[in-house]
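To keep things clear, I will list the structure first and then write my remarks on it.
The values are calculated or read from the model by the stated rules, or taken from the named source; none is laboratory data. A quick note: this is a predicted structure, and the numbers were derived from the prediction, not measured. Please note that ligands, DNA and RNA were not included when accessible areas were found on the heavy atoms of the full protein model with its side chains. Shrake-Rupley method; radii C 1.70, N 1.55, O 1.52, S 1.80 Å.
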Amino acid sequence: CSVKELLTLPDQCEGLATPTVSSVSWIHDGKSLAVGATDGTVQIWDVEKGRKLRTMIATLGSRVSSLSW
């Protein structure tokens, strides 16, 4: 087994509290991961390639408390 850091959240977003990971969800094929944060963002990652595919903003400042594919 090995561990690879996939992402680092920014220190602070426009005067809001420092975001932290609040939810994660694997896609069914196990190749992509969605990461929700306390700042309202959701990042979709290609885990095999180690790169971010996109960032979506739910509502800035709102916590992403759950994710589902």
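For the chain, with all protein chains in place and a probe radius of 1.4 Å, 51% of the accessible heavy-atom surface sits on carbon or sulfur. The residues of the chain have, on average, 71 Å² of accessible surface per residue, using a 1.4 Å probe with all protein chains present.
For the stretch 34-42, backbone phi angles converted through the Karplus equation (6.51, -1.76, 1.60; θ = phi - 60°) give residue-by-residue couplings of 9, 10, x, 10, 6, 9, x, 9, 10 Hz, Gly and Pro being listed as x.
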